[in-house]
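Undergrad: First the structure, then my questions, so here it is.
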Amino acid sequence: MTCMIKLKQMEDNSTKYDYLIVGSGFFGSICAYELNKKGYKVCVIESRDHIGGNCFTSNKNGINVHEYGPHIFHTSNEEVWKWINQFVTFNNFTLRPVANYKEEIYSLPFNMWTFSKLWNITHPDQAKRIIEQQSDHIKEPTNLEEQAIKLVGTDVYHKLIKGYTEKQWRKPTTELPKEIIKRLPIRFTYDNNYFNDKYQGIPIGGYTQIFEKLLDNIEVKLNTNYFTDTLPKHNKVIYTGPIDKFYDYKFGELEYKTTIFEHKELKINDYQGIAMMNYTDVEIPFTRCIEHKHFEFSNSENTWITYEYPIEYKADSTEPYYPVNDNENTKKYLQYKELADKELNIMFGGRLAEYKYYDMHQVIESALNFVQKI
């Protein structure tokens with residue numbers, strides 16, 4: 001990897017740092033940048049061979065590939081938007097994915113384009129009546145399946161939700177909490193912009209440049225394991241890794257959704273005509289296909305695509321991506337948090353340490369508030 005930040009080898013372990021930051025994703029890198037700006041001596045260690053966490057992008061033959069799945073920046077928080085724009089220029093990309101069900105294409109998020117194609121209707125009141133008729137038998141939803149049918153009816157559920165969700169979570173929808181589906185936008189308008197936020201876009205040139213600027217002239221050590229490698233001397237730790245791993249899984253492993261990514265270069269100009277296509281029938285093993293050139297409107301002669309395959313999560317052998325915030329896992333996390341709150345010189349923050357689903361703008365806001373407090 002070509003990295004422009006100053007990566008010092010730290011052969012002299014006599015240097016003592018005010019803060020040792022574990023992890024170079026958004027939370028850790030922002031803490032490092034802001035603390036360094038305030039005059040603290042900071043060192044960042046990273047277990048991977050690159051900075052940027054899951055937002056890492058690499059340029060491959062002129063196309064910026066999102067190595068760990070697509071990241072579309074969106075926020076309505078003007079303060080966060082102004083802060084991130086110090087480091088990068090955004091284009092005007094807006095996410096308008098489509099669903100592929102057995103070669104039938106439907107608009108996402110669910111909106112009047114979806115309902116019009118499915119039911120051959122044109123008006124919102126027609127869609128609402130059909131959904132009410134199909135979901136009338138459900139009074140109070142108790143699981144994801146019932147909640148989905150209550151929201152969009154049986155037709156949409158069976159074609160566009162059931163297969164995709166069971167592939168993604170590797171569980172029947174009847175065993176998943178109803179709260180999960182409430183994140184999904186549903187509109188009775190012809191608006192197929194996935195996010196409602198005021199500011200949206202993709203960094204022109206990819207995300208990695210943001211982290212290079214955040215970590216410029218800060219000590220960074222890659223391929224370094226907090227638990228097994230010799231660490232530089234330090235006063236305090238900001239830990240952004242899995243909180244259950246920190247406490248050696250004392251209360252059991254926390255559950256995550258995880259995915260493997262299959263990247264392919266194709267010697268064609270365009271593969272699928274859109275950045276994101278979700279495959280909603282259960283027979284297709286991957287959940288979606290990403291075509292990266294569409295994020296930055298490239299007109300290159302080649303293209304890079306990524307298939308995403310959900311797999312079973314196993315601590316220490318697979319990457320933790322999305323926390324499964326059901327009741328059982330929440331109880332475990334609160335036990336770990338009770339221990340973390342008692343630590344004097346170790347602080348916890350970020351998606352894995354807080355076992356919390358963060359969008360990028362949310363983790364930026366959280367990190368900035370965190371630094372302000374300390």
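The values are calculated or read from the model by the stated rules, or taken from the named source; none is laboratory data. For clarity, every value in this text was computed on a predicted model and none was experimentally measured. Cβ sites come from the backbone with ideal geometry, for glycine too, and all protein chains shown count toward neighbours. For accessibility, only protein heavy atoms count, side chains too; no ligands or nucleic acids. Shrake-Rupley method; radii C 1.70, N 1.55, O 1.52, S 1.80 Å.
Undergrad: So which GluC sites (Glu not before Pro) in the stretch 40-127 pass both tests, a DSSP loop state and at most 16 other Cβ atoms within 10 Å of the Cβ?
TA: Details: sites: E46, E67, E78, E79, E103, E104; in loops: E46, E67, E103.
Sparse-neighbourhood loop GluC sites (Glu not before Pro): E103.
Undergrad: Please report, to two decimal places, log10 I(q)/I(0) for the stretch 248-374 at q = 0.10, 0.16, 0.17, 0.18 Å⁻¹ as given by the Debye formula with identical point scatterers on the Cα atoms and no solvent.
TA: These q points yield log10 I(q)/I(0) values of -0.49, -0.95, -1.01, -1.06.
Undergrad: Next up: Can you give the extra length, in nm with one decimal, that the chain gains between N345 and K37 once fully stretched, where that is 0.36 nm per residue apart less the Cα-Cα distance? Please report the intermediate quantities before stating the final value.
TA: On the way: separation 308, 0.36 × 308 = 110.88 nm, distance 2.07 nm.
Result for the pair: 108.8 nm of gain on full extension.
Undergrad: Could you give the size of the charge dipole of the stretch 143-240 about its Cα centre, using +1 on the Cβ of each K and R and -1 on the Cβ of each D and E, expressed in debye and rounded to the nearest 20? Working shown, then result.
TA: Numbers: 15 positive and 12 negative charges, 31 e Å.
Once rounded to the nearest 20, the dipole reads 140 debye.
Undergrad: Work out the length of the dipole vector of the stretch 74-218 about its Cα centre, built from +1 on the beta-carbon of each Lys and Arg and -1 on the beta-carbon of each Asp and Glu, and round it to the nearest 20 debye.
TA: Working: 19 positive and 18 negative charges, 38 e Å.
The dipole magnitude comes to about 180 debye.
Undergrad: Right, next: When the accessible area of the stretch 106-247 is computed with all protein chains present and a 1.4 Å probe, what percentage of it is carbon and sulfur? Write out the running numbers ahead of the final one.
TA: Values: 3230 of 6660 Å².
Carbon and sulfur together cover 48 percent of it.
Undergrad: Please report the projected area of the stretch 34-193's Cα convex hull averaged over all directions, in nm².
TA: On the way: hull surface 57.4 nm².
Convex hull of Cα atoms, orientation-averaged projection: 14.3 nm².
Undergrad: Please check which bits of the stretch 150-193 a label hung off T94 would reach, taking the label as a point 7 Å along Cα-to-C-beta and the cut-off as backbone N under 16 Å.
TA: 185-193
Undergrad: Compute the separation of the alpha-carbon centres of the stretch 46-85 and the stretch 316-362 and state it in Å as a whole number.
TA: The stretch 46-85 and the stretch 316-362 have Cα centres spaced 21 Å from each other.
Undergrad: Also: For the chain, what is the accessible area per residue in Å², given a 1.4 Å probe and the full set of protein chains?
TA: On the way: 17760 Å² over 374 residues.
Heavy-atom accessible area per residue stands at 47 Å².
Undergrad: Now for a different question. Over the Cα atoms of the stretch 272-337, Rg to Rh with Kirkwood Rh, two decimal places? Each step should come with its number before you reach the end.
TA: Working: Rg = 17.2 Å, Rh = 15.0 Å.
So for the stretch 272-337, dividing Rg by the Kirkwood Rh gives 1.15.
Undergrad: Would you mind calculating the relative contact order of the stretch 24-165 from Cα pairs under 8 angstrom and at least 6 residues apart, reporting the percent as a whole number? Intermediate results must be reported in sequence, preceding the final value.
TA: Values: 108 pairs, mean separation 15.0, N = 142.
Relative contact order comes out at 11 percent.
Undergrad: Obtain the radius of gyration and the Kirkwood radius of the stretch 111-159 from its C-alpha atoms and give Rg over Rh. Working shown, then result.
TA: On the way: Rg = 10.6 Å, Rh = 10.9 Å.
Expressed as Rg/Rh, it is 0.98.
Undergrad: Now, a different point. Which whole-number percent gives the relative contact order of the stretch 237-323, counting Cα pairs below 8 Å spaced six or more residues apart? Before the final figure, lay out the partial values.
TA: Numbers: 138 pairs, mean separation 32.5, N = 87.
Relative contact order here is 37 percent.
Undergrad: Between [x] 20.7; [y] 18.6; [z] 19.7, which matches mean projected area of the Cα convex hull in nm² calculated for the structure shown?
TA: [z]
Undergrad: Using Cα pairs under 8 angstrom and six or more residues apart, how large is the relative contact order of the chain, in percent?
TA: Values: 720 pairs, mean separation 99.3, N = 374.
Relative contact order of the chain: 27 percent.
Undergrad: Once the piece of chain linking K139 and E319 is laid out straight, how much longer is it, given 0.36 nm per residue of separation minus the C-alpha distance between them? Walk me through the intermediate numbers first.
TA: Details: separation 180, 0.36 × 180 = 64.80 nm, distance 3.85 nm.
Computed gain between K139 and E319 is 60.9 nm.
Undergrad: Let me have the 222 nm mean residue ellipticity of the chain computed from DSSP H runs of 4+ only, each contributing -39500 (n - 2.57), with the sum over all residues rounded to the nearest 500.
TA: Numbers: 10 runs with 99 residues, N = 374.
Computed ellipticity for the chain at 222 nm equals -7500 deg cm²/dmol.
Undergrad: Expressed as a whole percentage, what fraction of the accessible surface of the stretch 306-374 belongs to carbon and sulfur atoms when a 1.4 Å probe is rolled over the protein heavy atoms? Present the calculation step by step, with values, prior to reporting the outcome.
TA: Details: 1670 of 3730 Å².
Here it works out to 45 percent.
Undergrad: Would you list the membrane-span-like helices of the chain, meaning whole DSSP H runs whose alpha-carbon atoms span at least 24 Å along their axis and whose mean Kyte-Doolittle value is at least -0.5? Please list the in-between numbers first.
TA: Details: long enough: none.
Within the chain not a single helix satisfies the rule.
Undergrad: Could you give the dipole magnitude of the chain about its Cα centre, charging the beta-carbon of Lys and Arg +1 and that of Asp and Glu -1, in debye to the nearest 20? Numbers along the way, then the final one.
TA: On the way: 45 positive and 51 negative charges, 119 e Å.
Rounded to the nearest 20 debye, it is 580 debye.
Undergrad: Next question. Once the dipole of the chain is set up with Lys and Arg at +1 and Asp and Glu at -1 on Cβ about the Cα centre, which of I274, P185, F115 lies farthest towards its positive end?
TA: Farthest towards the positive end: P185.
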